[in-house]
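Input: one structure, supplied below.
The values are calculated or read from the model by the stated rules, or taken from the named source; none is laboratory data. The structure displayed is predicted, hence computed values, not measured ones. Positions of Cβ are backbone-derived with ideal geometry, glycine not excepted, and every protein chain shown enters the neighbour counts. Just the protein is used for accessible areas: all its heavy atoms, side chains included, with ligands, DNA and RNA removed. Shrake-Rupley method; radii C 1.70, N 1.55, O 1.52, S 1.80 Å.
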Amino acid sequence: MEWSLSKVIRIESGAVGVSANDVRALLGLYGITGRDRADELLDLARASRQSSQWSRYRADISAQYLQFIEYEEAASVLRMYEPLLIPGLLQTREYATAIIRQLADPDDPESLLRTRIEIRMKRQELLDSDSPPTIFFIIDEAAVQRMAAQRDVARGQLARLIELGSRRNVTLEIVPFSAGFHRGMLEPFLILEFPDREDEHVLFLETSRDTIFSHDEDGEITGYREVFADLRGVSLGSAGTLAYLRDLASQISE
């Protein structure tokens with residue numbers, strides 16, 4: 001096929017797609033003879049070359065973050081832990097605006113900040129889709145209390161947490177200060193699971209300097225699942241969390 005090595009690397013890493021004609025040639029190389037499987041792969045090849053709704057943001061966000069958003073959109077189950085911030089899918093526009101502006105580089109143009117806010121709000125359309133994923137959110141009490149100190153955004157954000165935490169497909173749990181030291185203190189993380197059993201689960205880690213994806217190849221995700229289970233074990237539980245949030249909301253309203 002006279003492909004360069006760099007093109008093969010880009011295809012294998014998912015950086016570029018392949019055409020349906022290329023896939024037809026590759027099917028023989030990989031020994032795929034079944035008609036149903038061949039048709040499925042051809043359909044995937046055609047779909048991969050179509051622009052997603054996020055393509056217009058390519059100039060404003062990193063390739064890793066764009067990949068994360070597309071993973072998030074395709075997942076059927078999300079398990080997320082946040083020790084310091086309200087998760088992006090749960091944020092009100094006011095909270096998102098305050099956080100994005102506070103954490104932005106001083107040299108970032110205003111247009112870029114507005115785009116980041118727009119992206120965060122658009123991601124939340126996932127929650128109101130016809131087939132929303134099942135989502136488990138665990139938040140440390142530090143994130144909630146830090147938010148509560150910003151009274152100009154706290155009322156709306158608390159109402160948002162209570163509303164979403166009451167949905168059937170959303171489980172929201174807070175790890176209280178009374179839990180003491182726990183295994184989730186070091187970093188936020190997200191585990192994404194997909195409806196196709198052949199698709200590997202993905203671990204997403206985001207630091208101030210880098211974005212890391214880990215596929216379930218070496219058992220690393222198993223360790224994070226155990227941490228997630230431990231955090232649920234020391235949390236207030238779903239009912240206790242909603243009671244906590246309602247009580248905090250009443251205190252702020254006084």
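Residue check: is Glu141 buried (at least 17 other Cβ atoms within 10 Å of the Cβ), under 29 Å from His215 (Cβ atoms) and either of a type in the set (A, V, I, L, M) or touching a strand residue (DSSP E or B) at 6+ places or on another chain (Cβ under 7 Å) (or both)?
Details: buried (at least 17 other Cβ atoms within 10 Å of the Cβ): yes; under 29 Å from His215 (Cβ atoms): no; either of a type in the set (A, V, I, L, M) or touching a strand residue (DSSP E or B) at 6+ places or on another chain (Cβ under 7 Å) (or both): yes.
It is false that Glu141 is buried (at least 17 other Cβ atoms within 10 Å of the Cβ), under 29 Å from His215 (Cβ atoms) and either of a type in the set (A, V, I, L, M) or touching a strand residue (DSSP E or B) at 6+ places or on another chain (Cβ under 7 Å) (or both).
If I ask for residues that are of a type outside the set (A, V, I, L, M, F, W, C), touching a strand residue (DSSP E or B) at 6+ places or on another chain (Cβ under 7 Å) and more than 21 Å from Glu40 (Cβ to Cβ), which ones from the stretch 177-200 would you list? So that I can check it myself, show each step before the final result.
Taking the stretch 177-200 first, the residues of a type outside the set (A, V, I, L, M, F, W, C) are 178, 180, 182-184, 187-188, 193, 195-200.
Checking which are touching a strand residue (DSSP E or B) at 6+ places or on another chain (Cβ under 7 Å) leaves us with 182, 184, 187-188, 193, 200.
Residues satisfying the conditions are His182, Gly184, Glu187, Pro188.
Let me ask something else. With (1) farther than 25 Å from Glu193 by Cβ; (2) loosely packed, with under 11 Cβ neighbours inside 10 Å as the list, and Leu42 as the residue in question, which single condition is left unmet?
It is condition (2) that Leu42 fails.
Separate question: Quick one: Val202 ticks every box in (1) within 24 Å of Tyr57 (Cβ to Cβ); (2) modelled with pLDDT under 95; (3) surrounded by fewer than 18 Cβ atoms within 10 Å (Cβ to Cβ) except a single one, so which number is it?
Going through the list (1) within 24 Å of Tyr57 (Cβ to Cβ); (2) modelled with pLDDT under 95; (3) surrounded by fewer than 18 Cβ atoms within 10 Å (Cβ to Cβ), Val202 breaks only (3).
Looking at the structure I just gave you, is Trp54 modelled with pLDDT under 90, farther than 29 Å from Phe189 by Cα and aromatic (Phe, Trp, Tyr)?
Values: modelled with pLDDT under 90: yes; farther than 29 Å from Phe189 by Cα: no; aromatic (Phe, Trp, Tyr): yes.
For Trp54, the condition - modelled with pLDDT under 90, farther than 29 Å from Phe189 by Cα and aromatic (Phe, Trp, Tyr) - is not met.
May I pose another question? Filter the stretch 184-199 for residues that are within 23 Å of Leu89 (Cβ to Cβ) and open to solvent by 80 Å² or more (accessible area, probe 1.4 Å) and give the result. Please lay out each step first, then the result.
Just the residues of the stretch 184-199 that are within 23 Å of Leu89 (Cβ to Cβ), to begin with: 184-196, 199.
Met185, Leu186, Pro195 - these are the residues of the stretch 184-199 that are within 23 Å of Leu89 (Cβ to Cβ) and open to solvent by 80 Å² or more (accessible area, probe 1.4 Å).
When residues of the stretch 57-82 are filtered for being within 18 Å of Pro188 (Cα to Cα), outside any helix (DSSP H, G or I) and either among the hydroxyl-bearing types (Ser, Thr, Tyr) or open to solvent by 50 Å² or more (accessible area, probe 1.4 Å) (or both), how many remain?
Final tally of qualifying residues: 2.
Something else: The conditions are (1) under 30 Å from Arg225 (Cβ atoms); (2) of a type in the set (D, E, K, R); (3) touching a residue at least 12 places away in the same chain (Cβ under 8 Å), and Glu94 fails exactly one of them. Which is it?
(1)
Do we have Phe177 as among the aromatic types (Phe, Trp, Tyr), in contact (Cβ under 8 Å) with a residue 12 or more places away in the chain and open to solvent by 60 Å² or more (accessible area, probe 1.4 Å) here? Please lay out each step first, then the result.
Values: among the aromatic types (Phe, Trp, Tyr): yes; in contact (Cβ under 8 Å) with a residue 12 or more places away in the chain: yes; open to solvent by 60 Å² or more (accessible area, probe 1.4 Å): yes.
It is true that Phe177 is among the aromatic types (Phe, Trp, Tyr), in contact (Cβ under 8 Å) with a residue 12 or more places away in the chain and open to solvent by 60 Å² or more (accessible area, probe 1.4 Å).
Those residues that are open to solvent by 30 Å² or more (accessible area, probe 1.4 Å), touching a residue at least 60 places away in the same chain (Cβ under 8 Å) and within 20 Å of Ser129 (Cβ to Cβ), I need them from the stretch 156-170; list them, please.
Scanning the stretch 156-170 gives Arg160, Ser166.
Can you spot a residue in the stretch 221-232 that is farther than 19 Å from Leu84 by Cβ, of a type outside the set (Gly, Ala, Ser), touching a His at 6+ places or on another chain (Cβ under 9 Å) and surrounded by fewer than 14 Cβ atoms within 10 Å (Cβ to Cβ)?
Looking for residues that are farther than 19 Å from Leu84 by Cβ, of a type outside the set (Gly, Ala, Ser), touching a His at 6+ places or on another chain (Cβ under 9 Å) and surrounded by fewer than 14 Cβ atoms within 10 Å (Cβ to Cβ), one finds none in the stretch 221-232, hence no.
Going through Leu103, Leu126, Leu113, Leu85 one at a time, which residue ends up being of a type outside the set (D, E, K, R), open to solvent by 20 Å² or more (accessible area, probe 1.4 Å) and over 18 Å from the mean Cα position of the chain (by Cα)? First the steps, then the outcome.
Values: Leu126 fails: over 18 Å from the mean Cα position of the chain (by Cα); Leu113 fails: open to solvent by 20 Å² or more (accessible area, probe 1.4 Å); Leu85 fails: over 18 Å from the mean Cα position of the chain (by Cα).
Residue meeting the stated conditions: Leu103.
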